[in-house]
C-alpha cells in the first residue's frame, strides 16, 4: 500500500492513499501499527467525500485507539464525475427545487453507485490487510444515508465486517441485501426525514437479517441526528470490536 | 413519612413505607440523605409488584448514587384486588389461552388502573418531598408496559418528573396524554411484541410531545428487551438527572 502524504496532530496520524485509482484517508494513533487494531470503515454521505468523516475518524482514534479509513465514493470527492453523476446532480437539484419527492430517484442512483463502491471497499480492505503485518483486527462499518446505501450491500458480502452502524436510508431496492446482513447493526432513523420516507426506513430496518439490530429513531429531519447518537454508535462499535492492540 | 422496615446489603438501604394505603419501597445509598439526590420512580410491569424493579433500583443506587422508589400499582403486589382486577386476571388468561388479541382489552383495563395510580404516585412524591430536608433532587421515571400506561399520564401532569424511560406499550387511549409529555423520553419497543402491536407502539412514540425523544427498537417479543437497553436507559437518565449530592 502506497501512502502519498502524511499529516498528524494530537497524536492522530492521517495518511492519504490511492488504491486502484480510488483515493482514501487512513487515520490511526501516531506511530502505531495497524495489525490487530480495530478498524472502522467510514462511509460518507451524498455530496461529501473522504474528508467528511474526519471528525468522526479522529474520535475513533483518540477515544478508542482504533484505526479508521474513508474513501471517496464514485463521483464524489476528488473522483471524476461520470456523465451519469453530473446528470444526477443536476436533476436532483431540479427535483428539490420544485419540491418533488426524490427518494426513488436517489435510490436508483445510489444502487448504481453501490455496485461500483462495494468492490472498491473490498480492494482497500485487501490492501490494508496486505500491509498489516499480523493481519487486520476486527472491522466495523459506520455510514449513514449514501454510506448505508453502500454499506448494506458491502456488509452482505464482506465477511471481514463484523458490526455496522447504518441509517437515514430506506428503499425497497436495499431489502434483498439487508436480508443477507447477519452482523450486529445499530440503525439510525430520523422521524421527519425529508429525504427518506419513514415507512421505507422502518421496513429496511425490519428487513435486516441480523439477530442483534437496534433501531434508534429521533425527531427531526435528515441532518438533525442528535449528537448523542454518535456517542451511542461508538459504544455500539466498542462492544463489538474487541481491542487486540493499543 | 413512616418507614415500617429497613434492610440493607452492599451499601444499599431498602425501606418499606405505606402512603395512603399504598405500600412502597425506597432504595438509597446506606446512611445517605434523600434531599438533593436524583430520584428514579420505577414503575413495575403487569402482574408484578414493587419488588419487580429491585435489581434495577439497586443498580441506580450502586452505579449512580441515585435514590429509587417503587410502589404497588392498584390490584398488584400486596394490594387488595377489586372485583374488576379479578375479572381482568381471569379474562386475560382466557383470551391468551385461545390466542385472541388482548391489546385493546389490556389498554382499557390499564387506563382505569392509571387513573387510580397517578394520584398515588403524586402522593408518594409529596410525602418524600416533605421528608427530604433540602427538597427532592431531579426526578426521573422508568417503567415499561404497565409502567408506561401509568407513567405517560403521570408525566403529563407531574412537573417534578424531568425525564422518562417508557416503552412496550401502544394504544390510542394513551395518545392524548403522550401529547402533553414534554420532558426528554427514551422509548423502548420490541419489533415482534406479541402484546403490543408494532404500529400502535410506533404511533405512541410519534404522539409524544417531547422535543427530545429517542425510540430504541430491537427484535423479539415483549419480554426479550436486550440487557444493553437497561444500560442505555441508565445513561439516558444520567444525562438528564444532574447529581447534586453523593
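A few comments on the model shown:
- Using a Gaussian network model of chain A in which every pair of alpha carbons under 10 angstrom is joined by a spring, one finds that among A:187, A:88, A:17 the greatest mean-square fluctuation is at A:88.
- For the residues A:27, A:105, A:142, a GNM of chain A with alpha-carbon springs under 10 Å puts the largest fluctuation on A:105.
- Over chain B, DSSP H runs of length four or greater, each weighted -39,500 (n - 2.57), average out per residue to a 222 nm ellipticity of -12500 deg cm²/dmol.
- Residue with peak Gaussian network fluctuation, chain B [Cα springs, cutoff 10 Å], from B:99, B:140, B:11: B:99
- Partner chain coverage, peptide A:235-242 - average Cβ within 10 angstrom: 1
- Most simply put, chain B has about 45% antiparallel DSSP beta bridges, counting only bridges with both residues inside it.
- Between the Cα long axis of helix B:54-64 and the first principal axis of chain B there is an angle of about 50°, rounded to the nearest 10.
- Angle between chain A longest axis and helix A:103-131 axis [Cα atoms, degrees, rounded to 10]: 10 degrees
- Debye-sum result for the protein assembly as shown in log10 I(q)/I(0), which assumes one identical scatterer on each alpha carbon, at q = 0.13 Å⁻¹: -1.15
- Taking the three principal axes of the alpha carbon atoms in chain A, the coordinate ranges are 51, 39, 31 Å, sorted in descending order.
- Between this copy and the others, label points of residue A:2 are 8.7 nm apart in ascending order, each placed 7 angstrom from Cα in the Cβ direction.
- Copy-to-copy label separations for residue B:211, where each label sits 7 Å from Cα toward Cβ, in nm and ascending: 4.2
- Proxy reagent accessibility, fewest Cβ within 10 Å first, across B:160, A:116, A:100: A:100, A:116, B:160
- Label point 7 Å beyond Cα along the C-beta direction, distances from residue A:112 to other copies (nm, shortest first): 6.2
- Three-way shape label, the stretch A:79-181, alpha-carbon gyration tensor, a/c 1.5: prolate
- Between the helical axis of A:227-240 and the longest alpha-carbon principal axis of chain A there is an angle of about 50 degrees.
Here, each number is a calculation from the coordinates, and none is a lab measurement. Here the structure is a predicted model, which means the values were calculated and not measured. With ideal geometry, Cβ positions are generated from the backbone for all residues, glycine too; neighbour counts draw on all protein chains shown.
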